[in-house]
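Only the coordinates and a few stated rules stand behind these numbers; no lab work does. Remember, it's a predicted structure, so these values are computed and weren't measured experimentally. Neighbour counts run over all protein chains shown; Cβ positions are idealised from the backbone, glycine included.
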Amino acid sequence: MALVPFLLLIEDDDAIRTALELSLSRQGHRVATAATGEDGLELLREQRPDLVVLDVMLPGIDGFEVCRRIRRTDQLPIILLTARSDDIDVVVGLESGADDYVVKPVQGRVLDARIRAVLRRGERESTDSATFGNVVIDRSAMTVTKDGEDLQLTPTELRLLLELSRRPGQALSRQQLLRLVWEHDYLGDSRLVDACVQRLRAKVEDVPSSPTLIRTVRGVGYRLDSPQ
Amino acid sequence: MTETAKRSLRAGLRWTSLRLRLVVVFALVALVAAVSASGIAYWLNREAVLTRTQDTALDDFRRQMQETAAALPTRPTKDDLQRAAGKMASSSPGYSVLLVAERERGKPIVGYSDLDTFTRAHVPDSLQEQVARKQPLTSSNEHEYHLFWQRTSIAGTPYLVAGTRIIGGGPTGYMLKSLDQERQDLNSLAWSLGIATALALVGSALLAQAAATTVLRPVQRLGDAARKLGEGKLDTRLVVSGTDELADLSRTFNRTASSLEKKVADMSAREEASRRFVADMSHELRTPLTAITAVAEVLEDEADTLDPMIAPAVHLVVSETRRLNDLVENLMEVTRFDAGTARLVLDDVDVADQVTACIDARAWLDAVHLDAERGMMARLDPRRLDVILANLIGNALKHGGSPVGVRVRTEGEELVIEVRDHGPGIPEDVLPHVFDRFYKASASRPRSEGSGLGLSIAMENAHIHGGDITAANSPDGGAVFTLRLPRDAERIVRNDEPGAGAPDEDGAT
């Protein structure tokens, strides 16, 4: 990862794009911008940014579709720019693979903090590895293998799995996970956790609809079990 | 008894009474008609039957008297009389005869046709007098004696008694004719008429019932339709058939319903339009605000290095931008509630932690005294709880000043949070309006006191959880806002929209 984070900002409104580019650049990021989803996807292929900041409302293909197309090939972090009024946006956005979202009108500092938090998730913290059934988490290489095959996890999914694997058998509440993984304050959106768990299960579990590794603990949150 | 059951019972009584009234009126009319018709028929029949029997008997008696009694010798013996009486009685229509003559002055002799049934005692005295009286001869009256008759009753049986005297010193004859047969005939006639009347009554009652049904069924349909209309089903219409008054009423009902429907549709369309306008406007405002907010921060970072004349301007722009942000955010929140698109994002939280975090995040720790035990878990929307608390505590700090007391407790399945200030309290006339939008306690209060939406939004947030907020003045001074929320808002969400609010139902534990 480059020392100066390289961001791709996809936003159709000129004023917002310019203002956010200005703000993010001042926070020390290198920013490439695109006005449409199509341009953004092309820029993504050419320039390989570290992270995408993506507006939901785009002419042509919308933000969700852009998100889905990126996820087909890449696991880089995606932050959605959304309006909270459209609660459905958040759910659809998280389902299409976004790692986090910020609500407009967004403060530059908040967006910067979220970007840095997402980027930190890919950082290596320890050098051991752990095995849960047929899933092996290699904390030094930051890779997860299932039956010897590499799993393509986004940094957020990887971090969630790492945090759960650090306390096997112990239930973590959504709010705890939001603080540990997303570095959100006490008002984190628990749907982030739920959506990320769903995606993680789809990749890790044998049968995602009846999980044996990442279990739901009713009234509390989630727990990583080693299958018996 | 439930309210609906009461209402249906009352409706039942009302229907019954209208039905009853119709039946009673029909029955009365039928009764009067049948009774008067039967009465007249009976009376005419009775007269006809009696007159005919009587005339026959009397004619026969008169003839017998002329033929038999007049043929008696001037001074008949008792045997003569007896024979004559017997002869007269046996001649035809079946009556008994009594012949009285005077063999010598003062010594009457009597001949009986049948001593058992007819003696002189059976003849009323008034009739005897009448018969015996000698009528003065005038131009209109050619005879001294006439035939007189009377109806009488002996031992419960009706009889016709008649008597006359032969002119020129002949014997006096009486006859007794039983009218029992006639009475029996007339009785059976009366029975028949009575039965006919009863049948007419029953028939009229059935007819009334049928009439009531034909009238009441449309009325009931009308009633049902009106009730549905009242329940808000404005597309309720009646099927109009026929041209009678009820059809007219149905047409009127339909016209009223459609004009009502149109008016309501117009009104809600207008309201919808104005709501959409507010929603669209706040959306539209947000785009420039996003750009301005991002740039304002850049300016703020540089403010210290700017010209001292310009720095205050930059700070003003930044702080006003934040206020505008808050206002737009509040407006959007309100439009979400109005449009019914606000959703709960439920999570299990420790209430004390949430309250502490809310106070801490706004740097109110020194101004708020918190009384809450950790470990009180509740399933609610943490963001919305935060909005409620921030508004209530912020309001208390603004109007009451510190310290503000926040007390958290549980009552059964309810979570109760009290926010108490030590200010002057809320004037009684303001109390009912504290949760109104844009309502401010004092018109002269400067506009910088907030958007005027805070408490209204807090209330909406409580309602969406199935909870409530009440405002009151404490007896020891200061205002108390009490928030009540169910400890598990899941049920509310389930009821509102099945399938939502439970993102992962994998059944694992």
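Some notes on this structure:
- Charge dipole (Cα centre; +1 on Lys/Arg Cβ, -1 on Asp/Glu Cβ; no other charges) of region B:18-190 amounts to roughly 300 debye.
- For region A:129-224, the dipole from Cβ point charges (+1 on Lys and Arg, -1 on Asp and Glu) about the Cα centre works out to 360 debye, to the nearest 20.
- Alpha-carbon centroid distance for the pair region A:183-204 / region A:57-113, whole angstrom: 14 Å
- Residue mean of other protein chain beta carbons inside 10 Å, B:345-351: 5
- Average Cα contact separation per residue, chain B, under 8 Å, 6 or more apart, as relative contact order %: 9 percent
- Across the options A:H184, A:T143, A:S173, the greatest Cα extent toward the positive end of the charge dipole of region A:129-224 (unit charges at beta carbon of Lys, Arg, Asp, Glu) belongs to A:S173.
- Of the residues A:Y101, B:Y174, the one with the fewest other Cβ atoms within 10 Å heads the list, and the complete ranking is A:Y101, B:Y174.
- Taking a straight Cα-Cα cut-off under 30 Å and skipping sequence neighbours fewer than 8 places away in the same chain, the lysines within cross-link reach of B:K177 are B:K78, B:K87, B:K107, B:K134.
- Selection from B:L58, B:S456, B:P73 lying farthest towards where the dipole of chain B points positive, charges on Cβ: B:P73
- Share of Cα-Cα pairs in region B:18-190 lying beyond 30 Å, as whole percent: 32 percent
- Cα-derived Rg over Rh, computed across chain B with Rh taken as Kirkwood radius: 1.57
- Sorted peptide list for B:327-337, B:263-273, A:68-78, A:189-199, criterion being average Cβ within 10 angstrom, highest first: A:189-199, B:327-337, A:68-78, B:263-273
- Against chain B, whose longest principal axis is taken from its Cα atoms, helix B:3-64 shows a tilt of about 10°.
- All other residues whose Cβ lies under 9 angstrom from that of B:V97 are scored, Lys and Arg at +1 and Asp and Glu at -1, for a net of 0.
- For region A:6-124, the spread of Cα positions along the three principal axes, ordered from largest to smallest, is 30, 30, 26 Å.
- Using alpha-carbon coordinates, inclination of helix B:382-400 to the longest axis of chain B, degrees: 80 degrees
- For region B:278-404: rounded, prolate or oblate by the Cα gyration tensor [a/c cutoff 1.5]: oblate
- Over region B:206-315, the fraction of Cα-Cα pairs per 10 Å bin, rounded to whole percents and listed from the shortest bin up, is 12, 21, 15, 11, 9, 9, 9, 7, 4, 2, 0.
- Simple point charges give the picture: +1 on the Cβ of Lys and Arg, -1 on the Cβ of Asp and Glu, and for chain B a dipole about the Cα centre of about 5060 debye.
- Rg [Å, one decimal], Dmax [Å, integer] - the protein assembly as shown, C-alpha atoms: 55.3, 174
- Going by neighbour counts of Cβ atoms within 10 Å, the residues B:Y159, A:Y186 line up, fewest first, as A:Y186, B:Y159.
- Percent antiparallel among DSSP beta bridges (both partners in region A:55-159, rounded to 5): 65 percent
- Alpha-carbon centroids, region B:33-66 and region B:130-177: separation in whole Å: 19 Å
- Ratio Rg/Rh, restricted to region A:129-224 and using Cα atoms, in which Rh is the Kirkwood radius: 0.94
- Nearest 10 degrees, 0 to 90: helix B:311-339 Cα axis against chain B principal axis: 20 degrees
- Taking the DSSP beta bridges with both ends in the protein assembly as shown, the antiparallel portion is around 75 percent.
- Ellipsoid equivalent to chain A - semi-axes via the Cα gyration tensor, in Å: 30, 18, 17
- Counting Cβ atoms of other protein chains within 10 Å of each Cβ in A:106-112 and taking the mean gives 4.
- Relative exposure of A:F64, B:F438, judged by other C-beta atoms within 10 Å (fewest first): B:F438, A:F64
- Whole-number percent relative contact order across chain A, with pairs defined as alpha carbons under 8 Å at least 6 apart: 14 percent
- Using just its DSSP H runs of length 4 or more, each adding -39500 (n - 2.57), chain B gives a mean residue ellipticity at 222 nm of -19000 deg cm²/dmol after division by all residues.
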